[in-house]
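Working notes, structure below.
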Amino acid sequence: MEYKLIKFLYYIRIELALIDYSKYPFLKSLEDELSKYGSSVTIKDLLSTSKEKLMEARTRIENVIRDKQNLPYSKLHGDTVLVFYLSILILSALGSKIITEKFIESEVNLFKQELKFEQPSVVIEIGKILGININNEEGLELREIQNGKKIKIIRLPYSIPFLDYLKYTIELRKKDDRYSLRKHILSKGNVYIDKEELIDLVVERIKDRMSSIVKQTQLTDLPDEIKKMADNIRGRKTPPCMLELMKKKDNLSDEEKKIIITYLIDIGSEVEGFTDEYKKLRNNKYIVYSCQKLKEKGLCVNECGVINPLQLYYGKLL
């Protein structure tokens, strides 16, 4: 069996790739999205008139937590970019790495299904927006020949620079050997790929883009309404041991004061009446005792099924 490699040029009609941003909301920045409502409009301003979109965002998060399938954005109505960014804000407020990773994976799988039905020009343009240097003007044709007869043709219409291929397939090569460089044709510094591989490369960049958007979202900038919604999703509860200490108020021992102040600092709550102790503990960044330690000190009042009181407060989401 032999292979014959033929380089060919694509003579195609130049088309303007029309990207539907409502299907791929990660391509727009939050600033661009807000600007269409007015130059000085903030996300806080929109929340008062976008309750429905906030609930859609919450539903997407809760579906991921419960392993339910979300609808692709192409099936949603109205401002899908706003729904996407509200989802990101809720994720940031939840502060759960596990949920964030599950959400990104779920969303990316939906985007991948959409890309499969797009025209190549759209996939290429999205890839370029995400930083992939894709060339589709010159491709390769691999002809499989057996006993002098052509039995199979493999077309590789796209190419990307060698270093870009290595960079964007790091995770793919860990999971699937077919992305190994030795299984690809390298010519004049370019690696040749088919549409399926191109989509997988674009999907990897979408993951990176979404992770970056989440990381860039600052907790200090989150609207109170988003924080409250995250609390509701968690089912946030004050641990019984902390409630008991709060009831004692002025009758706390020094150790008990340290415990309750540390707890309040850890959950970002206001600390009143303990000014000196607060400053000292705040600077040293303590974490409240584990449940086992509290049991040893005789301060555990209930079996909550957690390892640390903070776990009950922040919620056992997964």
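The values are calculated or read from the model by the stated rules, or taken from the named source; none is laboratory data. Bear in mind that the values here come from a model prediction, so they are computed numbers and not experimental data. Note that each Cβ is placed from the backbone with ideal geometry, even for glycine, and that neighbours are counted across all protein chains shown.
Among residues of segment 214-236 being in contact with a Gly (Cβ under 8 Å, 6 or more places away or on another chain) and of a type in the set (K, R), the one that is surrounded by the fewest Cβ atoms within 10 Å (Cβ to Cβ) is R236. Does segment 94-104 include one or more residues that are of a type outside the set (A, V, I, L, M) and modelled with pLDDT of 95 or more? Yes, the conditions are met somewhere in segment 94-104. Looking only at residues of segment 32-57 that are in contact with a helix residue (DSSP H, G or I) (Cβ under 6 Å, 6 or more places away or on another chain) and in contact (Cβ under 8 Å) with a residue 40 or more places away in the chain, we find that the one that is nearest to Y21 (Cα to Cα) is E33. If I filter segment 186-221 down to residues being of a type in the set (S, T, Y) and not in a helix (DSSP H, G or I), which single residue comes out as modelled with the highest pLDDT? Step by step, filter segment 186-221, then rank; the result is Y192. Can you name the residue in segment 36-85 that is of a type in the set (V, I, T) and in contact with a Leu (Cβ under 9 Å, 6 or more places away or on another chain) and is also farthest from I99 (Cα to Cα) among such residues? Looking at residues that are of a type in the set (V, I, T) and in contact with a Leu (Cβ under 9 Å, 6 or more places away or on another chain), I get V41.
Over 26 Å from the mean Cα position of the chain (by Cα) and surrounded by fewer than 18 Cβ atoms within 10 Å (Cβ to Cβ): is that true of S211 in this structure? So S211 fails the test.
Counting the residues of segment 237-250 that are of a type outside the set (A, V, I, L, M, F, W, C) and over 13 Å from C304 (Cα atoms) gives 5.
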